[in-house]
1. Dipole magnitude of the stretch 269-411 about its Cα centre, charges +1 at Lys/Arg Cβ and -1 at Asp/Glu Cβ only, in debye to the nearest 20?
2. With +1 on each Lys and Arg Cβ and -1 on each Asp and Glu Cβ, how big is the dipole of the stretch 15-282 about its Cα centre, in debye rounded to the nearest 20?
3. Which trypsin sites (Lys or Arg not before Pro) in the stretch 313-401 pass both tests, a DSSP loop state and at most 16 other beta-carbon atoms within 10 Å?
4. Throw me the Rg/Rh for the chain, computed over C-alpha atoms with Kirkwood Rh, two decimals.
5. Rank 324, 302, 261 by how far each Cα sits towards the positive end of the charge dipole of the stretch 260-384 (+1 on Lys, Arg Cβ; -1 on Asp, Glu Cβ) and give me just the farthest.
6. Can you tell me the FRET efficiency between residue 72 and residue 18 if r is taken as the Cβ-Cβ distance and R0 is 41 Å, rounded to the nearest 0.05?
7. The chain: longest stretch without exposed chymotrypsin sites (Phe, Trp or Tyr not before Pro) (DSSP loop, at most 11 other Cβ within 10 Å), sites themselves excluded?
8. Which of the residue pairs 3/409; 131/160; 85/166; 160/247; 166/357 have a Cα-Cα distance greater than 21 Å in the structure shown?
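Each reported figure results from applying straightforward, stated rules to the coordinates on display, with no laboratory input. Please read all numbers here as calculations on a predicted model, not as lab measurements. Cβ sites come from the backbone with ideal geometry, for glycine too, and all protein chains shown count toward neighbours.
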Amino acid sequence: MNKRIFLSPPHIEGRELDFVRLAFESNYIAPLGPMVDAFEKEFADVTGIPYCLAVSSGTAAMHLAIRYLRDKVAGDRERSGDGRKPMIIASTLTFIGSVSPATFEDCDLMFIDCDLESWNMDPVLLDMAIKSQLADGRHILCVIPTDLYGQSCDLPRIIKICNNYKIPVISDSAEAMGARYSVEIITREPAGSDSVVSSSPESSMMRHAGFDAWASVYSFNGNKIITTSGGGMLSSHDRALIDQARKLSQQAREAVPWYEHLQIGFNYRMSNILAAVGRGQLQLLEDRVTRRRRIFCLYRDLLADIPGVSFMPEPDWSRSNRWLTVIILDPDRFGASHQNVMEALEQENIESRLMWKPMHLQPVFKHCAVQGGGLSDHLFRHGLCLPSGSALSDDDVIRIAGIIRKQSKDT
Ligand SMILES: Cc1ncc(COP(=O)(O)O)c(C=O)c1O
């Protein structure tokens, strides 16, 4: 049997161990420590987002951002006066860690479908949803768009819409370390408008995924483009958010010599050892993005001619990190379903995965409203994530593509 090929395994090179050794030598075998401080600073340098808090997971980072907003609203009696829960509007095509923290904080959720251009939150549907929720008298706590499979959402347009209603945006960039988007699009109007700004993508200034959001969340889970085995980062231009989230992440201890608590917090800090791994990984980020993009191109070159096979698009304003290469299979034209292909790969000891099942189709969220939903549903029913780890060789990709081709009715 061939050695198993995983979907997106960790890719460790060696320098991570140098940092871990330093951490051991310093005896900071603890949550917090100099490695955590350095990791936060280096992360801020890489993303350009000045205030960063390293935590135990991306889910924890999201929870802290929502808790911060929740505390602010709770202090605002007028807004909580009608007794209804605050509403959070989020992408439906995402992983549950994006939205489960909304339920930890007793918020209602509404989901938004994706668009064809990026497979991320459709700004037009978002605008419609906000209008309908406001017309119904709801308070919208925040909007959470996901950067799916390493592709930034149309953040400038989403922010522009949310600014009209003074709604903060928390970017779920858990999968999008190293991904970028063009900022010139900030002045771009929806397609069809006269005021489209024309600029070549090359001349555009590209910003790191999540940069313009009020807060952004990143994950270093073992399957991500860079990893600390488990971990996350909350980043923001709002220093007050990060200061308060830092306090909440350490059991909300007050700044006095004894243990004094005026509110309940969490134990969410990242360990010093894992931050050491993260520092080593961060240095490799650009290489990892280049390699994942190369893997995507190779799959496309090898498969795009087969009828019924298409790939996740990349708009001209986006530079995806191609965390996962995703194909859509039209069973009638291709001759087999995505599940048939997944099984064929599994028989060769190769892991692939169906796309995220949209949140509005999850039994646990069946009571939640959704704006649109058909496109996410379609992508889920036909999409397959292919092995995309940066340590994958070209020969591996060629072999995987060969197995997929064999499933098509053309062969
Ligand atoms: C889109 C998305 N959001 C949130 C998360 C949660 O991150 P974590 O697993 O670090 O809690 C993940 C990944 O795992 C994710 O893919």
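1. Details: 19 positive and 17 negative charges, 105 e Å.
Using only the charged Cβ atoms, the result is roughly 500 debye.
2. Dipole of the stretch 15-282, to the nearest 20 debye: 600 debye.
3. Numbers: sites: 319, 322, 333, 353, 366, 381, 399; in loops: 322, 366.
Listed in order of number, the matching sites are 366.
4. With Rh from the inverse mean 1/r over Cα pairs, Rg/Rh is 0.98.
5. Working it through, the farthest residue towards the positive pole turns out to be 261.
6. 0.45
7. Maximal segment without exposed cleavage sites: 1-257.
8. 3/409; 160/247; 166/357
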